[in-house]
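The next block holds one structure in the form of structure tokens; read it before the comments.
The values are calculated or read from the model by the stated rules, or taken from the named source; none is laboratory data. The structure displayed is predicted, hence computed values, not measured ones. Virtual Cβ from ideal backbone geometry, glycine too; neighbours counted across all protein chains shown. These accessible areas exclude ligands, DNA and RNA; they are computed on the full protein's heavy atoms, side chains included. Shrake-Rupley method; radii C 1.70, N 1.55, O 1.52, S 1.80 Å.
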Amino acid sequence: MEQIQRKTRRLELVLGPEDGGVKVDTLLRRRLHLSGTVIRRIKWLPDGILVDGARVNTAFRPREGQTLSVRLSDPERRSGILPAPGPLDIVYEDGDLLILNKAPGVPVHPGPGHFNDTIGNFLLNYYNSEGIEGDFHPVHRLDRGTSGLMAVAKHPHAQEVLKGQLHTPAFRRVYLAVCDGGPQPPSGVVDAPLGPREGSLVEQMVRPDGRDARTRYETLSRSGGRSLVRLELDTGRTHQIRVHMASLGCPLTGDFLYGYEDRSLISRPALHSAQLSLRQPVTGQELSFTLPLPEDMARLLTHQKGEKEP
């Protein structure tokens, strides 16, 4: 069997006149923008910090013209997630991150009843097949029933940078939802704090002592007694879109927790992560991705027999 060459992600810096004689620790922070947490993780590794290929400590002062190199990839997996084969729709990939098109019904993280059929399992299996060194470093999560775009970092530094972009203009997420009826007014902002519902392990609710939560929405169309709504999150609370839309009296079609489940119509809450833009965590380049409305949600917007256009 042909052996797959391991792919290790490293950052390199050829030292200019202003860098000569500066401590490695300072160069890593100021020039490569690594955090103290990342530096502490890599400095103990045999190939964590190198100057011209030789291991050095963070107090070392390299000369102008030398090359400083640091390892970003995980030398070992600490998540405990087991690789398992499964479908993985990769929209974009580089040395630092992947953008996935998550299928509905697939959990992101392993948990009770889902130990080997999650995005985490499938991704680590992909890394094995491609020889990529890395563990599972999700940047944000999607509910099991939600489809569409999600970002996954390949190493802790990228995860840290991308999580720092969350809920800033640098990291923008746009969702499409199909809801029963339609919100009134047709566009606006839901500013309603969210917290757990007493007696439920998973359900959330609007409650005055909850965490701050804001959702911007715009109705794009109405058809067959339902509405297609565009949503953007100013915060990222659990089930935020689902609870906020239900609080307006128009729960997502198929939402078994906050609305009405009818599996003959759709087997999940009708929510799709349609647009995602972010800055590449190492280069700072702006990246933007768009996915169309999936077929199971598009079918909900066709006119149904016996129903009139609202």
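Worth pointing out:
- Breaking point among (1) farther than 25 Å from VAL202 by Cβ; (2) part of a loop (DSSP other than H, G, I, E, B), for VAL106: (1)
- Condition check for LEU220: of a type in the set (A, V, I, L, M, F, W, C), open to solvent by 50 Å² or more (accessible area, probe 1.4 Å) and either in contact with a strand residue (DSSP E or B) (Cβ under 7 Å, 6 or more places away or on another chain) or touching a residue at least 24 places away in the same chain (Cβ under 8 Å) (or both): yes
- Per-region count, region 22-39, residues part of a helix (DSSP H, G or I) and under 22 Å from the mean Cα position of the chain (by Cα): 2
- A single entry from ARG55, ARG78, ARG31 fulfils the requirement of being over 25 Å from LEU291 (Cβ atoms), touching a Leu at 6+ places or on another chain (Cβ under 6 Å) and of a type outside the set (Ser, Thr, Tyr): ARG31.
- Pair list, Cβ under 7 Å, 6 or more apart: region 155-169 residue farther than 14 Å from ASP135 by Cβ, other residue open to solvent by 30 Å² or more (accessible area, probe 1.4 Å): GLN165/ARG279; LEU166/GLY236; HIS167/ASP234; HIS167/GLY236
- Selection status of GLY210, surrounded by fewer than 20 Cβ atoms within 10 Å (Cβ to Cβ) and over 23 Å from PRO107 (Cβ atoms): yes
- Some residue of region 202-216 being at pLDDT 95 or above and closer than 16 Å to HIS272 by Cα: yes
- Criterion violated by TYR92 - all others in (1) more than 16 Å from the chain's Cα centre (by Cα); (2) under 23 Å from LYS7 (Cβ atoms) satisfied: (1)
- Evaluation of ALA192 against the conditions (1) touching a strand residue (DSSP E or B) at 6+ places or on another chain (Cβ under 7 Å); (2) modelled with pLDDT under 95 shows that the sole unmet condition is (2).
- Only residues that are touching a Phe, Trp or Tyr at 6+ places or on another chain (Cβ under 6 Å) and of a type in the set (Gly, Ala, Ser) were counted across region 236-251, and they come to 1.
- Only residues that are part of a strand (DSSP E or B) and among the β-branched types (Val, Ile, Thr) were counted across region 211-259, and they come to 3.
- Matching residues in region 48-89 - criterion: being free of Cβ contacts under 8 Å to residues at least 24 places away in the same chain and part of a strand (DSSP E or B): LEU50, ALA54, ARG55
- Residue satisfying all of: in region 171-193; of a type outside the set (Phe, Trp, Tyr) and closer than 23 Å to ILE119 by Cβ; most open to solvent (accessible area, probe 1.4 Å) among these: ARG172
- Top-ranked residue of region 51-74 - restricted to ones that are touching a helix residue (DSSP H, G or I) at 6+ places or on another chain (Cβ under 9 Å) and open to solvent by 40 Å² or more (accessible area, probe 1.4 Å), ranked as farthest from GLU18 (Cα to Cα): ASN57
- For PRO107: the one exception among (1) closer than 29 Å to LEU265 by Cα; (2) open to solvent by less than 10 Å² (accessible area, probe 1.4 Å): (2)
- Every residue from region 266-295 that is of a type outside the set (Val, Ile, Thr) and open to solvent by 60 Å² or more (accessible area, probe 1.4 Å): SER267, GLN275, ARG279, GLN285, GLU286, SER288, PRO292, GLU295
- Considering region 9-20, the residues that are open to solvent by 40 Å² or more (accessible area, probe 1.4 Å) and assigned to a loop (DSSP other than H, G, I, E, B) include one that is nearest to LEU162 (Cα to Cα), namely ARG9.
- Criterion applied to GLN204, GLN159 was being more than 29 Å from SER267 (Cβ to Cβ), in contact with a strand residue (DSSP E or B) (Cβ under 6 Å, 6 or more places away or on another chain) and open to solvent by less than 70 Å² (accessible area, probe 1.4 Å), and the one residue passing it is GLN159.
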